[in-house]
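The values are calculated or read from the model by the stated rules, or taken from the named source; none is laboratory data. Nothing here was measured: the structure is a model prediction, and the numbers come from that model. Note that each Cβ is placed from the backbone with ideal geometry, even for glycine, and that neighbours are counted across all protein chains shown.
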Protein chains: 2
Amino acid sequence: IELENVDFIRESLDGVNVADIAAILDELTMQESVYVLRLLEKQLAADILIELDETTLSKVLREFENTEIAVWIELMDSDDGADILNLLSEKDREEVISEFQDRIKSEQILELLRYEEDTAGGIMAKEFIRANKNWNVIQTINEIRRQAENVEKIYSIYVVNNKQQLLGRVSLKKIILAASETRIEDIYDEDVVSVPVHLDQEEVATVMRKYDLESVPVVNAKNKLVGRITVDDILDVVQEEADEDIQAMSGISDTVDEYDSVIKLTRARLPWLLIGIVGGLLGAGFIGFFEEGLSKVTALAFFIPLITATGGNVGIQSSTLVVQSLANKSAFDNSLSQRFIKGLLVALLNGLVLSVFVFGMIVLLYGNEVKFALVVSIALFSVVLLASFMGTFTPLVLDKFGINPALASGPFITTANDLLGLAVYFLVAMSLLSI
Amino acid sequence: IELENVDFIRESLDGVNVADIAAILDELTMQESVYVLRLLEKQLAADILIELDETTLSKVLREFENTEIAVWIELMDSDDGADILNLLSEKDREEVISEFQDRIKSEQILELLRYEEDTAGGIMAKEFIRANKNWNVIQTINEIRRQAENVEKIYSIYVVNNKQQLLGRVSLKKIILAASETRIEDIYDEDVVSVPVHLDQEEVATVMRKYDLESVPVVNAKNKLVGRITVDDILDVVQEEADEDIQAMSGISDTVDEYDSVIKLTRARLPWLLIGIVGGLLGAGFIGFFEEGLSKVTALAFFIPLITATGGNVGIQSSTLVVQSLANKSAFDNSLSQRFIKGLLVALLNGLVLSVFVFGMIVLLYGNEVKFALVVSIALFSVVLLASFMGTFTPLVLDKFGINPALASGPFITTANDLLGLAVYFLVAMSLLSI
């Protein structure tokens, strides 16, 4: 690249998969990437842009004129084009749009920009093949030939009536296997699963997983076919949602990754840490309330970490199970009372094992302090029960109010259970040791 | 169903999607499900079985004769058939296999059973369409017609040489658009991504996401085409792996869900809880070591939860970020020293904000205890630094040793950081307060 050997670059990239070229560009300096992209054939450059990671992409785009960007976007599928426009500033976006030559493509992209990013409308593409129910196989194949220019991958062909309303689908295979005079009406399959344009992308993923779909048609309120979503886009959605949940669980409030700036990382991490600190200060106030008892029996302080840690661990386990079953909603979920009884049984069993173990260990290690050992193990038992109760119901409540329940299994539960654990511990100690 | 109205059941299920029928069966009693499955056409029943959830499926299978199961399995894709055989006891499995009528299918299934369940071989299917490079378009379409009977969805058609080695692929679209005398050799695309049969399923998912593939051919060591994996199977893999990681993070040692038995749930949860308890007991011993100092300055006990909780939260955040970047490995990862420096900066910034806040709050709430406030905030600052260091490096080390790094961001980090936090806290207190 340094030698600016144009032919060499073109040749050596020939036949290399675009995803691999994109990975190479991610590694190059900005000037080098820009240089290579300008060199390449426009269609190839457009394909590579789609594969770049978002941070690199935004930087690269800033280096190009809006006219260049407009040309590339017109060579992309409408959904990828819309994604790229979403990365631009409002001013640039309007300039790029005004540069579009292809009226149809630009209308498609503008339509996509109107939908919320994380709904079916936001991830669908306008490129799909539709057949009118009145066509025969020959007409359809001709239409496929015509439409196929714009459509990268053909999955199903959607069958519509004259009002463009979705009636069903017919597979390419069936069309090939049918006699050429057969009318689409006679071979199409009415059993088609579609999603409404405003459905959340996570639910689109659930639908596609449930029915094992490779693509799903998107319809508007009047059942008019407006787009399709392919499974490779959904694969990214599933991964993103999983990453988001894991980050929510670990108390990171924004979706960040290791490559983000120090400031952005700090901002994403501080909020929940501060909430944890406030919880800690409340806990300190709480223990302070029992200062007198504590100064009489200093050993009470020894087991504070044991109680709070176990409360936290039990709470996280319980809430994780609930969060996962909420994510994989099935029509026939456990009822609230079933959940309660099962959670109670598991907690009783766990609590019993743990407190007997702790009782034994304290007696063993600290000699004949049976009463004290009893205090710790009774407190532990109660904390396990309470934490498991909290862990089960907090995500259910959050979910009811439309908040991501994964939040519950993170710092929220830990902080709440710390306080709860301390309260139980000192109350049990106070009443049993009469201090 | 109670009325045993055969025609009514058949009719009302006609045209209903198999995934929906499966969901209904999940809800019925065992007798009812068995009754309905026996009523239905064999192919439909086989399709429904595939969609049942694993627990229901195992139960249902026990109600049927091995001969009945064999008939169904022969009607399934080879990968689904192999999955069902894997659910049976060894004895039943052999009986079912001996009942197979279709020699080819049974060989395919037996081959699949030989591969590890979570490798490319374990999730691939034997149903795919291959074309010899020497065929022309007409021959290929005829072959597709012949082979298509067994292949539910056609994505790409794989092109092989006479030794069945993978050369490339050609899309159905290209075949339709080509003239009928064109030889496959002249239109196929050499740029095909394949995966080796022993590749871990998680890496298969990464490959498919990277290259946006709807299906990927699987080859053996000699580059012979042995199967294909479709993206809908990978969707399940991505979801499973994400669920597994989340469970590992929350200290659940087996993959369980809310519907499992109380005993199974308890067994999955107890191990990490016990490790937490042992950590707590060690912590107790540790604090006991400073008993004298603690009895002089009881207020030290107040801030134990604050220190341990913050250590835990910081550790979990750091390790989550590392775990996620390990999961989304790219060729150009941050180097160890880059990670270290960035982690250090973020930790310094977070630590500074948190300790200044705590210092201020303690002075505000507890009056003129400046020296004591200094002890707590210095300890807190050190804990944030150490916990972030531990959180960054533990998953890297675990990953090096081939252990799932998600384990690190769970109870392991919490327990280790509790102990570390206590140590730092009391050492700082001891030296600054000279107790």
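Mind telling me which of the residues A:L374, A:L427, A:L398, A:L433 ends up being over 26 Å from B:I252 (Cβ atoms) and free of Cβ contacts under 8 Å to residues at least 12 places away in the same chain?
A:L427
Is it true that A:Y155 is outside the structural domain of A:G402 (by TED's automatic domain parsing) and at pLDDT 80 or above?
Spelling it out, it is not the case that A:Y155 is outside the structural domain of A:G402 (by TED's automatic domain parsing) and at pLDDT 80 or above.
Between A:S318, A:S355, A:S295, which is in a helix (DSSP H, G or I), more than 34 Å from the chain's Cα centre (by Cα), of a type in the set (S, T, N, Q) and within 9 Å of chain B (Cβ to nearest Cβ)? Let's see the steps before the verdict.
On the way: A:S318 fails: more than 34 Å from the chain's Cα centre (by Cα); A:S355 fails: within 9 Å of chain B (Cβ to nearest Cβ).
Going through A:S318, A:S355, A:S295 in turn, the sole match is A:S295.
Return the residues of segment B:160-186 that are free of Cβ contacts under 8 Å to residues at least 24 places away in the same chain and buried (at least 17 other Cβ atoms within 10 Å of the Cβ); say none if nothing qualifies.
Those that are free of Cβ contacts under 8 Å to residues at least 24 places away in the same chain and buried (at least 17 other Cβ atoms within 10 Å of the Cβ): B:S171, B:K173, B:K174, B:I176.
Output yes when any residue across segment A:372-391 is in the same structural domain as A:I307 (by TED's automatic domain parsing), at pLDDT below 90 and over 23 Å from A:G283 (Cα atoms), and no when none is.
There is no residue in segment A:372-391 that is in the same structural domain as A:I307 (by TED's automatic domain parsing), at pLDDT below 90 and over 23 Å from A:G283 (Cα atoms).
Tell me, please, whether a residue that is more than 20 Å from A:E116 (Cα to Cα), within 11 Å of chain B (Cβ to nearest Cβ) and either under 10 Å from the mean Cα position of the chain (by Cα) or free of Cβ contacts under 8 Å to residues at least 12 places away in the same chain (or both) can be found in segment A:212-230.
Yes: one or more hits.
Would it be correct to say that A:G276 is out of contact with any Cys (no Cβ under 6 Å at 6 or more places or on another chain), of a type outside the set (A, V, I, L, M, F, W, C) and within 7 Å of chain B (Cβ to nearest Cβ)?
So A:G276 passes the test.
Suppose the filter is more than 10 Å from every other protein chain (Cβ to nearest Cβ), within 28 Å of B:I24 (Cα to Cα), part of a helix (DSSP H, G or I) and hydroxyl-bearing (S, T, Y); does A:S382 pass it? Give the steps one after another, and end with the answer.
Values: more than 10 Å from every other protein chain (Cβ to nearest Cβ): yes; within 28 Å of B:I24 (Cα to Cα): no; part of a helix (DSSP H, G or I): yes; hydroxyl-bearing (S, T, Y): yes.
Taking the combined requirement at face value, the residue does not satisfy it.
Would you confirm whether or not segment B:219-229 contains a residue that is closer than 28 Å to B:T56 by Cα and not basic (K, R)?
yes
Quick one: in segment A:231-263, which of the residues that are closer than 13 Å to A:D79 by Cβ and within 13 Å of the chain's Cα centre (by Cα) is surrounded by the fewest Cβ atoms within 10 Å (Cβ to Cβ)?
Out of the qualifying residues, it is A:D236.
Hey, any hits in segment B:295-310 for a residue that's modelled with pLDDT under 85, closer than 17 Å to A:G410 by Cα and surrounded by 17 or more Cβ atoms within 10 Å (Cβ to Cβ)?
no
Could you tell me whether B:Q139 is surrounded by fewer than 19 Cβ atoms within 10 Å (Cβ to Cβ), modelled with pLDDT of 80 or more and either in a helix (DSSP H, G or I) or of a type in the set (F, W, Y) (or both)?
On the way: surrounded by fewer than 19 Cβ atoms within 10 Å (Cβ to Cβ): yes; modelled with pLDDT of 80 or more: yes; either in a helix (DSSP H, G or I) or of a type in the set (F, W, Y) (or both): yes.
Yes: the conditions hold for B:Q139.
Filter segment A:279-311 down to the residues that are of a type outside the set (G, A, S), out of contact with any Phe, Trp or Tyr (no Cβ under 9 Å at 6 or more places or on another chain) and over 30 Å from B:L270 (Cα atoms) and list them by number.
Scanning segment A:279-311 gives A:E292, A:K296.
Would you mind stating whether B:L235 is within 30 Å of A:Y211 (Cα to Cα), more than 9 Å from chain A (Cβ to nearest Cβ) and in contact with a Leu (Cβ under 8 Å, 6 or more places away or on another chain)?
no
Pick from A:P411, A:P395: which is modelled with pLDDT under 90 and in contact with a Pro (Cβ under 7 Å, 6 or more places away or on another chain)?
The unique qualifying residue is A:P395.
For segment B:357-365, does any single residue satisfy the condition of being surrounded by 24 or more Cβ atoms within 10 Å (Cβ to Cβ) and in contact (Cβ under 8 Å) with a residue 40 or more places away in the chain?
Yes.
Among the listed residues B:Y35, B:Y115, identify the single one that is touching a residue at least 40 places away in the same chain (Cβ under 8 Å) and surrounded by 13 or more Cβ atoms within 10 Å (Cβ to Cβ).
B:Y115
So, A:L281, is that one more than 30 Å from A:L374 (Cβ to Cβ) and modelled with pLDDT of 85 or more or not?
Working: more than 30 Å from A:L374 (Cβ to Cβ): yes; modelled with pLDDT of 85 or more: yes.
Yes, satisfied.
Going through segment B:200-218 one residue at a time, which ones are among the charged types (D, E, K, R) and closer than 18 Å to B:G168 by Cα?
Filtering segment B:200-218 for residues among the charged types (D, E, K, R) gives B:200, B:202-203, B:209-210, B:212, B:214.
Hits for segment B:200-218 are B:D212, B:E214.
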